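First the structure, in the form of structure tokens, and then the observations on it.
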Ligand code: GLU
């Protein structure tokens, strides 16, 4: 039987592989392969029926040598301390590879938002902030939205922080709603960033976007924005998959002429769940959830959760697939990654491909600090420039040192963080 998936073991394994190659000393390795600080807490929350439920929350600050820790807060029923640890580590590398003056952190609450009313979610957000307010802050650790959290959740957390402190602290959180300190383009930023990276990879491969078709796993915020921009640059998405809450399993929706984002959005709930019957009426075939991976396409974009492309299903990927852009964090397990490398598939690793979200968070911080907000085109233009230069940096390193894109991205990120730790005299 294969070992149960553990994202933290995977993140540490990826780190060890590159750290050894970089010749890091033992102290630096020991420092970087574990989070510097973590907080675990109980959240007592009054439910709508008058009862009290205790939720578990986490915030992990992996490393803040390059700047305040930065990273989202996820709401998920299967959240674990180890997953948050892994995600916080990936945030450190993500901010470093994008060359942002930020470190890495991540938070999570074990809860199932599908079964919680909005007032209950608001009380979870406020309880979370009451527990963590003393340990985060604009100059310490700055949360943001992530899986199943949105600008509204961030605003409730911001409000709780400001009520506690008695003042305005827009820098304590990013991904805020536009008009409440948020940046235009933040919602689209992660998905758009994935496609900026896809566009650059296709350029290197000498392939025109309009000659490609893709399958996407997930239909949440990242997937929807990626589909939107990929369409704009000429590509066609022929299949998307999403989680079906009622059946507790995923389904894949295929339409060979291409999915119509606007039309599908109309039959999708706020968690990215597509209504099956309505999709059938719109002309989509409904297939088992895993079908997204075996489509005869040029590009795969896993934009859901970790552990999606595994040793078991990697062999089902069509020989036609030449490019995989990881919109999710940690979607490909190391054994699957090895197979893809052997097959010569160009993989844009997660912490490069999905760095658009945190890059736009950084632009939100800059705007917040000036209290002057840019037009959407200006934000997206800066995002494009920053993502493109991160991509080119990684691909040049990959070429020069004959590394996979993942190892090249790790090499750049770890070297930058290790340097910051050395410069500060920590190691
Ligand atoms: N949650 C996003 C990520 O995983 C964005 C984090 C941020 O903006 O701080 O990269």
| request: Being farther than 15 Å from residue 238 by Cβ and not in a loop (DSSP other than H, G, I, E, B) is the filter here, so list the residues in region 252-267 that pass it. | output: 262, 265
| Condition test on residue 133, is it at pLDDT 95 or above, within 14 Å of the ligand (Cβ to nearest atom) and not in a loop (DSSP other than H, G, I, E, B)? | no
| note | Those residues of region 156-172 which are out of contact with any strand residue (DSSP E or B) (no Cβ under 8 Å at 6 or more places or on another chain), closer than 29 Å to residue 243 by Cβ and within 16 Å of the ligand (Cβ to nearest atom) amount to 158
| said: Checking the condition touching a residue at least 60 places away in the same chain (Cβ under 8 Å), touching a helix residue (DSSP H, G or I) at 6+ places or on another chain (Cβ under 6 Å) and under 18 Å from residue 300 (Cβ atoms), which residue from 226, 214, 239 passes? | reply: 226
| Given 241, 225, which one is part of a strand (DSSP E or B), modelled with pLDDT of 95 or more and within 18 Å of residue 266 (Cα to Cα)? | 241
| Filter pass, residue 163 being part of a helix (DSSP H, G or I), touching a residue at least 24 places away in the same chain (Cβ under 8 Å) and surrounded by fewer than 24 Cβ atoms within 10 Å (Cβ to Cβ) | no
| request: Looking only at region 268-285, decide whether some residue is in a helix (DSSP H, G or I), under 23 Å from residue 212 (Cβ atoms) and out of contact with any helix residue (DSSP H, G or I) (no Cβ under 6 Å at 6 or more places or on another chain). | output: no
| remark: Per the filter on region 313-329, residues farther than 22 Å from residue 225 by Cα and either modelled with pLDDT under 95 or outside any loop (DSSP other than H, G, I, E, B) (or both) are 314, 315, 316
| task | May I ask you to list the residues in region 136-155 that are within 24 Å of residue 269 (Cβ to Cβ) and either more than 16 Å from the ligand (Cβ to nearest atom) or under 16 Å from the mean Cα position of the chain (by Cα) (or both)? | result | 144, 145, 146, 147, 148, 149, 150, 151
| Can you spot a residue in region 88-110 that is closer than 24 Å to residue 51 by Cβ and either surrounded by fewer than 18 Cβ atoms within 10 Å (Cβ to Cβ) or away from the ligand (no atom under 16 Å from the Cβ) (or both)? | yes
| message | modelled with pLDDT of 95 or more, in contact with a strand residue (DSSP E or B) (Cβ under 7 Å, 6 or more places away or on another chain), assigned to a strand (DSSP E or B) and within 30 Å of residue 115 (Cβ to Cβ): is that true of residue 219 in this structure? | response | no
| Does region 370-380 include one or more residues that are part of a helix (DSSP H, G or I), in contact with a helix residue (DSSP H, G or I) (Cβ under 7 Å, 6 or more places away or on another chain) and within 16 Å of the ligand (Cβ to nearest atom)? | yes
| Those residues of region 394-410 which are more than 20 Å from the chain's Cα centre (by Cα) and either in a helix (DSSP H, G or I) or within 24 Å of residue 32 (Cα to Cα) (or both), in sequence order | 395, 396, 397, 398, 399, 400, 401, 403, 404
| query | Out of all the residues in region 173-182, is one or more out of contact with any helix residue (DSSP H, G or I) (no Cβ under 6 Å at 6 or more places or on another chain) and more than 12 Å from the ligand (Cβ to nearest atom)? | reply | yes
| message | Checking the condition at pLDDT 95 or above and under 25 Å from residue 406 (Cβ atoms), which residue from 60, 45 passes? | response | 60
| task | Restricting attention to region 299-337, report how many residues are touching a helix residue (DSSP H, G or I) at 6+ places or on another chain (Cβ under 9 Å), surrounded by fewer than 20 Cβ atoms within 10 Å (Cβ to Cβ) and over 23 Å from residue 88 (Cβ atoms). | result | 10
| Scan of region 51-78 for residues that are free of Cβ contacts under 8 Å to residues at least 40 places away in the same chain and within 14 Å of the ligand (Cβ to nearest atom), ordered by number | 67
| message | Just to be sure before I move on: is residue 205 surrounded by fewer than 20 Cβ atoms within 10 Å (Cβ to Cβ), closer than 13 Å to residue 325 by Cβ, away from the ligand (no atom under 15 Å from the Cβ) and at pLDDT 95 or above in the structure I sent? | response | yes
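The values are calculated or read from the model by the stated rules, or taken from the named source; none is laboratory data. Nothing here was measured: the structure is a model prediction, and the numbers come from that model. Cβ: placed from backbone, ideal geometry, glycine included. Neighbour counts: every protein chain shown.
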